[in-house]
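Visitor: One structure follows; several queries about it will come next.
The values are calculated or read from the model by the stated rules, or taken from the named source; none is laboratory data. All values derive from a computational prediction rather than experimental measurement. Cβ placement follows ideal geometry from the backbone for every residue including glycine, while neighbour counts extend to all protein chains displayed.
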Amino acid sequence: MSSAHGQGPKAPHAFFQHHYNTVEQQAGAAKLGMWVFLATEILMFSGLFLAYFIIRILYPEMVLGSHELLSKTMGGVNTVVLLFSSFTMAMAVRSAQVGDTPGIIRNLIMTIGCACIFMVVKYFEYTGKFAHGIFPGKYFDYGRAAAYAAEHGHELVGMPHIFFGIYFTMTGLHGVHVAVGIGVLVWIMLRAKKGHFGPQYYSPVENVGLYWHIVDLVWIFLFPLLYLVK
Amino acid sequence: MTTKTFLHGKPIDDVIECHEHVSPVSLYVKVLLSLFVLTGLTYAVSFADLGPASLWVAMIVAFGKATLVAMFFMHLKYDDRYHGFVFLSTIIFVAIFFLFPIFDLNSRARLNEEQGTFFRVNQAGDWNEAQRTNKGQVEAEAKAAAEAAKDAAKAPADAKAVAPAKP
Amino acid sequence: MATADTSSAHGGDHAREVSFYAAKTGLKSWLVTLDHKRLGMMYLVGTMVFFLVGGIAALTLRTELLTPEQDLVSATTYNKLFTIHGAVMVFLVIIPSVPGALGNFLLPLMLGAKDVAFPRLNLLSFWIYSLGAVFFLITLVNGSLDTGWTFYTPYSTSSGTAVVTATFGAFILGFSSILTGLNFIVTVHKMRAPGLTWNRLPLFVWAIYSTAVIQILATPVLAITLMLLMIERTLNIGIFDPAMGGDPVLYQHFFWFYSHPAVYIMILPGFGIISELIAVHSRKHIFGYKAIALSSIAIAIISFLVWGHHMFVSGQSELAGVVFSFLTFAVAVPTAIKVFSWVATLYKGSIEFNTPMLYALAFLFTFTIGGLTGIFLGALSVDVHLHDTYFVVAHFHYVMMGGTIIAFIGGIHHWWGKMTGRMFNEAHGRWGCLLVFIGFNMTFFNQFIVGQQGMPRRYATYVPQFQQQHVLSTIGSYILGLGLLWTAFYLLRSLKTGAQASDNPYAGASLEWQTQSPPIEHNFHGQPRVDTDPYNFPQIDRSGGMDHH
Amino acid sequence: MLSMFLAPETKEAAKAAVGNVAAAAPPAPPAPKLPPLETLHSWAMPTQASTFAESTDNLYLFIVFLDAFFFVLILAAMGYFMWKYKRRSPDQKTSSITHNGKIEFLWSAIPAVLLVVIFAWAEIDFIKQTTPPADAIDIRVTGRQWFWQVDYPDYPGVSLTSSTEEPLITMIVPKGRPVRLIMTSEDVLHSFYVPAFRVKKDVVPGRYTTLWFEATRVGEFNIFCTEYCGDRHSSMAGVIKVLEPASFEAALREAAKLEQKPTESVADFGGRIYTRRGCNACHTLNGDPATGPTWKGLYGKSETLADGTTLTVDDNYIKESILQPQAKIVAGFTGANMPSYQGQLDDKQITAIIDFIKQQK
């Protein structure tokens, strides 16, 4: 990159690992590693998406009937929250690039805040479902769920436990990723407070950012598929 | 032998180890606003009755949003092209993974329709029954409650698990 | 030829440094090591321990099959034995063996790097492997597993054995595989020595790289499949279990999307070893370097398009079967190219019949049989007859055991001096190879015949007329077991009594031979540079640039 | 724990080794006594007894010869090089050849063409095998752990089963008439395989799969289950009998008859039903628990049910268990999935079974 900015090669920083030859090599390896890791994340989620599509093909009416029980508003709020957190994350990386440490911290705190809001909304969504007997798989209580659906003017068709099984699995795995994301965001925020990051070295911020964006990307697909599509 | 310095298989003066690109804040803001607009669009469309097209519309919008995030927030637009290659080839392999099972499912449906399957029969049927007879793990009262409530909720009346037709 | 650094290229000699074994001592220096060489040795020990466990299971079930009746073990135990044999051999031995042991040890050396790109991730990967292994051991004591290594639903959702524990073990092992693959991809991209361009990479590196690509793209799907299976078993969400509205054939799609490419995770590193062995021991430039390198990548990609050939009779749509069959034949072509290229490498060479080369030649024999019999199984109408019979058992043992394991053993011999600093006894090695070769063929060749006559696999009892062949198979398996034990014996013995290995006992030209045996902690004195490809033996030998014995 | 691998074991040792699932550990079942598979030589394919067999075998042989040709070619080249270019002196000259575009193209293209030929041949045969003719006789096959049940929709009331212990006629088909099997499973995956016919298809729970064939030889042939289905997978075998069309119907009626013979006691008749209707797949007579409770000493015994209540096994409980197996499950057998015999056994037959159970003391 150095050539792109017309500066000389970067000087080794405090976090330079000796098995690398140059700072750029270390940063490049970290970033490529992250992208390859993201590829595995996408493929892992793709299994659940495929399961979802297969279920949709096998039981179209059941999926359409069941998805009415999900709250579009809560899903929509979460979508907006996650998109905004992606924005603040990108801003945190930018702050690191230009050496604005308070900016990194401010943006990371906003990102973490959004992630927490997301989890809180998820908590209310889940407990709201559980309260009406909507559990995954064999714990699904057809009677209470059907009564709940009837209250809201919908009708359960076929075997809704499958839809909610996949719903809880997909959003659950995504939720786990958000929780892990909160953990690593807090970690880099603490490091940012110690002043570890600047234009010379910001790989961790950038890579956590990439991870966070992929969590957002997955939700971009989950939201319409589970909550919206008719 | 040349006197050129090589690093990682390339002459050192050409080597690009790590792209850095600082995007302006205004770009990020524009991307965020577009994402919000697209989200609003899917949300609005979900209330319109588009039939089978709604899945396609939703997916196209989602792909648009994903592209925005990947290109600008994730810097793919300015990044080492190999990273984009990794990302795109992942999508291609996901497509392969999706293609064959869905193709299989669609092209074997013919036989199922001829014969009538457990699937089709069970769909309107009593999955709780199937669950009890096969697993016997759910508490008895939960099942009883489900059974009773189901009748009340007027679940399809022909809710009998139908065994394969026997002569 | 490659040089370790400029001064040694001009004949200057470094004072010998202590090897990586001696650089640090104590248990902790192993358990938390970041050194790829130590991790490679630990993988070697780990995989060999489980090779023994899987082997004992195999010999026990072969003994049961001496008679058509049920006598030595009960049917339940028999089912557990073949499941343990399969699951341990696949998940704990063959998949991690070559990349984990030889790949870790050799990849950075071959690239002229000080270590892999992410040493800490590498350590984590090893400990994840160990954790997965612990879950398998828990499975063994806690009711074992009787589903077959494929965990087909709905049997796996209803079996009374420890399916969740075993599945969780395999799930964890998947992450070890993913992280190793990730590490290797980045290492190959970013850590190559100056001058080591893509078409100067040793073919072993190409093979490990292609393997890593598959590990990255396929293993996450295994992880999600096993996760769904665990959820299905505990919560009955109804994706795979027909009693809950799921589709068991869908499970097979999920499973084979990983497990067919996994076949190439297992065999591609073996291909890489064979390319090295044949070129070095016949002092010839490998024939068709580009074709071999690119065919590895081609195999890696096409392997994702053929998984349905495991499902020709499973009830998937016939049309899908036809498509998968066609693509299956497509994957045979790059494999054929490799075999032809290896044979052509021997042409006008100077072939030395030492132990590693004997294993390479044995590989050519057994793997060719394994590959050619794959054609029967790719052909739809013939596969209908042969599917799930002993023919399949024989076929995949010829590929997995006769391919990967024989290549692995050959590779261990080839790099034994480099890894341990000692040489094994050559005569002992040749006897071992002979025993393994005879035992292997005797065990599995018969099984093609019982298979084509309709003997289904996974049978604890069988029709009496197959007994003769089964007895022969069992005797063969004892010979094979003996050969392997003998090999383990003389290799371990060489650690004490073996002659000191020179830095480059076989006059190899790739970078791993440019350092001490065993290597120093940071691999090289100074920065290695490369100005030619690693198979330029005729030129090297002619110019006398390399010591020849 | 590893002892299970190491020592020849007694039943007790097996139970100890499998720990918490000891209750479900079944006894060693006897090997199925099946008619030998007919083959011409000890290395040849089984008898050709269907219209598919010949063309499948032809393709098989074609691949055998092709493989043999290439194998010999590769080995001959390898052997010749090994002999000719063996290292005889340490400084033996080697060629500096690195590649040859022409020959590399040839050895990629020739196999590719041959493989396409094989694909097309196999594909044509496969399409034939998967398209049953319209006039085929339908037979329904149900796979269960661990026996086959075969029903003939055109002959109401005719039902045959395989047995895990005896080679029973499981299916009767006329020679020279296409037969279509419509198959499903009631529990796990099975696979219906007749080596002599070269046909095989998985039997999938929750779905129907079909298989068709036209037998060309009168005789008895083996049926195997080829998809692993649990403990007695290897005993899930049956016999398919091919008859001249003229004698087909009478033989079918005769084979399906499950009536008390004049010379037979009621309990003996019950014993016959025990093997003919697959009860023996899950219930032993020697006291060992298998998938279901043993019948030895069952009658009059006090059993604890899964819900904790106890009852005495009497005529009514046995009858109920046959007709509604899931109603009252004995503790420890909740995972077992016994199918209902409602409509498949009449009162007389049930009485005979009860008598037979009474006899097992």
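Visitor: Looking only at region C:299-323, count every residue that is farther than 30 Å from D:VAL203 by Cβ and either away from chain B (no Cβ under 14 Å) or of a type outside the set (A, V, I, L, M, F, W, C) (or both) and tell me the total.
Guide: 1
Visitor: Ok, one more. Can you name every residue in region D:331-359 that is farther than 24 Å from D:GLY157 by Cβ and over 29 Å from the mean Cα position of the chain (by Cα)?
Guide: Once the filter is applied, which keeps residues that are farther than 24 Å from D:GLY157 by Cβ and over 29 Å from the mean Cα position of the chain (by Cα), region D:331-359 yields D:ALA331, D:LYS358, D:GLN359.
Visitor: Quick check on my filter: what residues within region D:77-126 are outside any helix (DSSP H, G or I), under 21 Å from C:SER275 (Cα atoms), more than 7 Å from chain C (Cβ to nearest Cβ) and charged (D, E, K, R)?
Guide: D:LYS93
Visitor: Would you say C:SER156 is farther than 30 Å from C:HIS285 by Cα and either more than 8 Å from every other protein chain (Cβ to nearest Cβ) or hydroxyl-bearing (Ser, Thr, Tyr) (or both)?
Guide: Spelling it out, C:SER156 is indeed farther than 30 Å from C:HIS285 by Cα and either more than 8 Å from every other protein chain (Cβ to nearest Cβ) or hydroxyl-bearing (Ser, Thr, Tyr) (or both).
Visitor: If you check C:THR373, C:THR389, which single one turns out to be touching a strand residue (DSSP E or B) at 6+ places or on another chain (Cβ under 8 Å), among the hydroxyl-bearing types (Ser, Thr, Tyr) and at the interface with chain D (Cβ under 10 Å from one of its Cβ atoms)?
Guide: So the residue among C:THR373, C:THR389 that is touching a strand residue (DSSP E or B) at 6+ places or on another chain (Cβ under 8 Å), among the hydroxyl-bearing types (Ser, Thr, Tyr) and at the interface with chain D (Cβ under 10 Å from one of its Cβ atoms) is C:THR389.
Visitor: Only one of C:GLU69, C:GLU64 is among the acidic types (Asp, Glu) and closer than 19 Å to C:GLY476 by Cβ; which?
Guide: From the options C:GLU69, C:GLU64, the qualifying one is C:GLU64.
Visitor: Could you tell me how many of the residues in region C:140-153 are more than 10 Å from every other protein chain (Cβ to nearest Cβ) and touching a Gly at 6+ places or on another chain (Cβ under 8 Å)?
Guide: Selection size over region C:140-153: 1.
Visitor: Checking C:VAL249 against (1) of a type in the set (A, V, I, L, M, F, W, C); (2) at pLDDT 95 or above; (3) closer than 17 Å to C:PHE151 by Cα, only one condition comes out false. Which one?
Guide: Only one criterion is unmet by C:VAL249, namely (2).
Visitor: Another question, if that's okay. For the subset of region A:88-98 comprising residues that are over 9 Å from A:TYR202 (Cβ atoms) and not polar (S, T, N, Q), which member is farthest from the other protein chains (Cβ to nearest Cβ)?
Guide: That would be A:ALA92.
Visitor: On to the next question. Taking region C:476-527 only, how many residues are within 14 Å of chain A (Cβ to nearest Cβ) and either in a helix (DSSP H, G or I) or among the aromatic types (Phe, Trp, Tyr) (or both)?
Guide: Number satisfying all stated conditions: 1.
Visitor: What residue, of A:GLY65, A:GLY47, A:GLY76, A:GLY28, is more than 9 Å from chain B (Cβ to nearest Cβ) and small (Gly, Ala, Ser)?
Guide: When all the criteria are applied, what remains is A:GLY65.
Visitor: Let me ask something else about it. Within region B:86-103, can one find any residue that is more than 12 Å from chain C (Cβ to nearest Cβ), assigned to a helix (DSSP H, G or I) and at pLDDT 90 or above?
Guide: yes
Visitor: List every residue pair whose Cβ atoms sit under 7 Å apart, with the two residues 6 or more apart in sequence or on different chains, where the first one lies in region C:338-361 and is of a type in the set (S, T, N, Q) and the second, anywhere, is part of a helix (DSSP H, G or I) and buried (at least 23 other Cβ atoms within 10 Å of the Cβ).
Guide: That search, which allows pairs on different chains as well, returns C:SER341/C:ILE292; C:THR345/C:ILE278; C:THR345/C:ALA279; C:ASN354/C:HIS281; C:THR355/C:HIS413; C:THR355/C:GLY429; C:THR355/C:CYS433.
Visitor: I would also like to ask the following. For region C:240-292, give me the residue count where each residue is hydroxyl-bearing (Ser, Thr, Tyr), in a helix (DSSP H, G or I) and within 30 Å of D:SER95 (Cα to Cα).
Guide: Residues meeting the conditions: 2.
Visitor: Which of (1) more than 9 Å from chain A (Cβ to nearest Cβ); (2) buried (at least 18 other Cβ atoms within 10 Å of the Cβ); (3) not acidic (Asp, Glu) is the odd one out, the single condition B:GLY64 does not satisfy?
Guide: Evaluating B:GLY64 over (1) more than 9 Å from chain A (Cβ to nearest Cβ); (2) buried (at least 18 other Cβ atoms within 10 Å of the Cβ); (3) not acidic (Asp, Glu) leaves (2) as the failure.
Visitor: Hey, another quick one. With the checklist (1) more than 10 Å from every other protein chain (Cβ to nearest Cβ); (2) part of a helix (DSSP H, G or I); (3) within 27 Å of B:THR42 (Cα to Cα); (4) not aliphatic (A, V, I, L, M) in hand, flag the one item A:HIS154 doesn't pass.
Guide: Of (1) more than 10 Å from every other protein chain (Cβ to nearest Cβ); (2) part of a helix (DSSP H, G or I); (3) within 27 Å of B:THR42 (Cα to Cα); (4) not aliphatic (A, V, I, L, M), only one is false for A:HIS154: (2).
Visitor: Going by what's in this entry, would A:HIS177 be described as surrounded by fewer than 23 Cβ atoms within 10 Å (Cβ to Cβ) and not in a helix (DSSP H, G or I)?
Guide: Here the answer is no, as A:HIS177 does not meet what is asked.
Visitor: Still on this structure, please answer the following. If a residue must be under 22 Å from D:VAL239 (Cα atoms) and surrounded by fewer than 17 Cβ atoms within 10 Å (Cβ to Cβ), how many such residues does region D:259-274 contain?
Guide: Residues flagged as under 22 Å from D:VAL239 (Cα atoms) and surrounded by fewer than 17 Cβ atoms within 10 Å (Cβ to Cβ) within region D:259-274 amount to 1.
Visitor: In addition: Just to be sure before I move on: is A:ALA149 within 13 Å of chain B (Cβ to nearest Cβ), part of a helix (DSSP H, G or I) and out of contact with any strand residue (DSSP E or B) (no Cβ under 7 Å at 6 or more places or on another chain) in the structure I sent?
Guide: Yes; evaluated as a whole, the condition is true for this residue.
Visitor: Out of all the residues in region D:39-46, is one or more modelled with pLDDT of 85 or more, small (Gly, Ala, Ser) and on the phi < 0 side of the Ramachandran plot?
Guide: Within region D:39-46 (the criterion being modelled with pLDDT of 85 or more, small (Gly, Ala, Ser) and on the phi < 0 side of the Ramachandran plot), the answer is no, since none of the residues qualifies.
Visitor: Moving to a separate point now. Just one of C:PHE271, C:PHE184, C:PHE254 is under 18 Å from the mean Cα position of the chain (by Cα) and within 13 Å of chain A (Cβ to nearest Cβ); which is it?
Guide: C:PHE184
Visitor: Test of understanding: among D:ILE182, D:ILE223, D:ILE169, D:ILE139, which residue is more than 9 Å from chain C (Cβ to nearest Cβ), in contact (Cβ under 8 Å) with a residue 12 or more places away in the chain, touching a Lys or Arg at 6+ places or on another chain (Cβ under 6 Å) and over 22 Å from C:ALA243 (Cα atoms)?
Guide: Sole residue among the options that is more than 9 Å from chain C (Cβ to nearest Cβ), in contact (Cβ under 8 Å) with a residue 12 or more places away in the chain, touching a Lys or Arg at 6+ places or on another chain (Cβ under 6 Å) and over 22 Å from C:ALA243 (Cα atoms): D:ILE169.
Visitor: Which one is surrounded by the most Cβ atoms within 10 Å (Cβ to Cβ), of the residues in region D:235-258 that are small (Gly, Ala, Ser) and part of a helix (DSSP H, G or I)?
Guide: Residue satisfying both the conditions and the ranking: D:SER235.
Visitor: Can you run down the residue pairs with Cβ atoms below 6 Å, 6 or more apart or on separate chains, where the first is in region B:43-59 and touching a residue at least 12 places away in the same chain (Cβ under 8 Å) and at the interface with chain A (Cβ under 9 Å from one of its Cβ atoms) and the partner is surrounded by 15 or more Cβ atoms within 10 Å (Cβ to Cβ) and outside any helix (DSSP H, G or I)?
Guide: B:ALA58/A:VAL229
Visitor: Shifting gears a bit: Go through (1) part of a helix (DSSP H, G or I); (2) among the charged types (D, E, K, R); (3) within 11 Å of chain D (Cβ to nearest Cβ); (4) in contact (Cβ under 8 Å) with a residue 60 or more places away in the chain for C:ARG542 and report which single condition fails.
Guide: Against the list (1) part of a helix (DSSP H, G or I); (2) among the charged types (D, E, K, R); (3) within 11 Å of chain D (Cβ to nearest Cβ); (4) in contact (Cβ under 8 Å) with a residue 60 or more places away in the chain, C:ARG542 comes up short only on (4).
Visitor: Restricting attention to region C:189-212, which residues are surrounded by fewer than 24 Cβ atoms within 10 Å (Cβ to Cβ) and in a helix (DSSP H, G or I)?
Guide: Scanning region C:189-212 gives C:HIS189, C:TRP198, C:ASN199, C:ARG200.
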